[in-house]
Amino acid sequence: MPLIYLPDLRLNASLTGPEDGPPLVLLHALGLSNEIWQPLIDRLPRHRILSFDLRGHGASDCPPAPYKMGALIQDTERLIGHCGLKDCVVIGLSIGGLIAQGLAVKRLDLVRGLVLSNTAARIGIASQWQDRIALVRRAGLAALHDATMERWLGRNWRESPALAGLSTRFLATSPEGWAGCASAIAGTDFYETTATLRLPTLVIAGSHDGATPVDLVRETADLIPGHQFRLIRGAGHIPLAEKPDDYADAIRDFLTRIGHG
């Protein structure tokens, strides 16, 4: 993927699909990279799809931690402008869903629909994130690996076919970048602002998700009138890695329903 040079940052981005295709913007989860989206990109060949590594992740630049959620939102906003996109459906997974919520509130002119996947208006509490950041500072991401995989994949995580790919990507993440984005999550509470949104929204949860449990995801979904909710059974926090067909079907159905297919 080419590096996009913004004034203060280089982001590793990909723009695929037909130039006149309905535009999608994909925002990945903490501790992963743009690569996680490839199964969905392959299943949506008619769409113009922008995906990228968040700052501190993959091949994007890794500024010193901490990061603010506003900076992550601005990165996305600037990339959409750089690529000349408008009227996008933004698909955000976990922290990507927080970024998507903030972007929709800030730039409704760019966003015509949302897919909020395995996310919430607030994820965890600040002290919990600060404890994890301190552990990563002391011992690296390997110290969080097993607990993270269990939250993502459930109690039988060691037997999951998705483990190898998720584990490799997680351990390849820069600890500094992980800590920067974790700080952004710790400082974010979008309950009041997300409740102002009035746009087509699909909310996706995984039945085995230990990071953003179903009830937490439903609580955020209920903030947005007219939302559509889809539960992916047998999947955890990264359903695209475990149930790619079910995940793509849910998104494809939503895009068709809102005339963005």
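The values are calculated or read from the model by the stated rules, or taken from the named source; none is laboratory data. Since the model is a prediction, treat every value here as computed from it, not as a measurement. Positions of Cβ are generated from backbone atoms using ideal geometry, with glycine treated the same way; all protein chains shown enter the neighbour counts. Please note that ligands, DNA and RNA were not included when accessible areas were found on the heavy atoms of the full protein model with its side chains. Shrake-Rupley method; radii C 1.70, N 1.55, O 1.52, S 1.80 Å.
Look through 256, 148, 168 and report the one residue that is β-branched (Val, Ile, Thr) and touching a residue at least 24 places away in the same chain (Cβ under 8 Å).
Details: 256 fails: touching a residue at least 24 places away in the same chain (Cβ under 8 Å); 168 fails: touching a residue at least 24 places away in the same chain (Cβ under 8 Å).
Going through 256, 148, 168 in turn, the sole match is 148.
Would you be able to tell me the number of residues in the stretch 28-58 that are among the charged types (D, E, K, R) and more than 20 Å from residue 88 (Cα to Cα)?
Keep residues of the stretch 28-58 that are among the charged types (D, E, K, R), which gives 35, 42-43, 46, 48, 53, 55.
In the following step, the residues that additionally are more than 20 Å from residue 88 (Cα to Cα) were identified as 35, 55.
Total satisfying the criteria: 2.
Quick check on the stretch 60-82. Is at least one of its residues without any contact (Cβ under 8 Å) to a residue 40 or more places away in the chain and touching a His at 6+ places or on another chain (Cβ under 6 Å)? Break it down stepwise before answering.
Initial filter on the stretch 60-82 (without any contact (Cβ under 8 Å) to a residue 40 or more places away in the chain): 70, 73-74, 77, 81.
Add one more test, that the residue is touching a His at 6+ places or on another chain (Cβ under 6 Å), and what stays is none.
No; the residues of the stretch 60-82 include none that is without any contact (Cβ under 8 Å) to a residue 40 or more places away in the chain and touching a His at 6+ places or on another chain (Cβ under 6 Å).
Just checking, which of 100, 71 is in contact with a Pro (Cβ under 9 Å, 6 or more places away or on another chain) and either at positive phi or open to solvent by less than 30 Å² (accessible area, probe 1.4 Å) (or both)? I'd like the intermediate steps shown before the answer.
Values: 100 fails: in contact with a Pro (Cβ under 9 Å, 6 or more places away or on another chain).
Every option except 71 fails the conditions.
Out of the residues in the stretch 3-20 that are open to solvent by less than 10 Å² (accessible area, probe 1.4 Å) and in contact with a Lys or Arg (Cβ under 9 Å, 6 or more places away or on another chain), state the one that is modelled with the lowest pLDDT. Let's see the steps before the verdict.
Residues of the stretch 3-20 that are open to solvent by less than 10 Å² (accessible area, probe 1.4 Å), as a first pass: 9, 11, 13.
Now restrict to residues that are in contact with a Lys or Arg (Cβ under 9 Å, 6 or more places away or on another chain): 9, 11.
Values: 9: 95, 11: 98.
Among those that are open to solvent by less than 10 Å² (accessible area, probe 1.4 Å) and in contact with a Lys or Arg (Cβ under 9 Å, 6 or more places away or on another chain), it is 9.
Cβ-Cβ below 6 Å, separation at least six or inter-chain, first residue in the stretch 3-31 and over 11 Å from residue 51 (Cα atoms), second part of a loop (DSSP other than H, G, I, E, B) and open to solvent by 50 Å² or more (accessible area, probe 1.4 Å): which pairs?
Taking only residues 6 or more apart or on different chains, the pairs are 21/46.
With respect to the numbered conditions (1) in contact with a helix residue (DSSP H, G or I) (Cβ under 8 Å, 6 or more places away or on another chain); (2) touching a residue at least 60 places away in the same chain (Cβ under 8 Å); (3) in a helix (DSSP H, G or I); (4) closer than 21 Å to residue 43 by Cβ, which one is the sole condition not fulfilled by residue 220?
All conditions are met except number (4).
Among the residues that make up the stretch 206-216, is at least one of them in contact (Cβ under 8 Å) with a residue 40 or more places away in the chain, in contact with a Leu (Cβ under 8 Å, 6 or more places away or on another chain) and not basic (Lys, Arg)?
Going residue by residue through the stretch 206-216, those that are in contact (Cβ under 8 Å) with a residue 40 or more places away in the chain are 206, 208-212, 216.
With the extra rule that they be in contact with a Leu (Cβ under 8 Å, 6 or more places away or on another chain), the set shrinks to 206, 208.
Now drop any that are not not basic (Lys, Arg), which leaves 206, 208.
Yes, the stretch 206-216 contains at least one residue that is in contact (Cβ under 8 Å) with a residue 40 or more places away in the chain, in contact with a Leu (Cβ under 8 Å, 6 or more places away or on another chain) and not basic (Lys, Arg).
Can you tell me which condition residue 57 does not meet? The list is (1) closer than 27 Å to residue 248 by Cβ; (2) surrounded by fewer than 21 Cβ atoms within 10 Å (Cβ to Cβ); (3) within 15 Å of the chain's Cα centre (by Cα), and all the others hold.
Among (1) closer than 27 Å to residue 248 by Cβ; (2) surrounded by fewer than 21 Cβ atoms within 10 Å (Cβ to Cβ); (3) within 15 Å of the chain's Cα centre (by Cα), residue 57 violates only (2).
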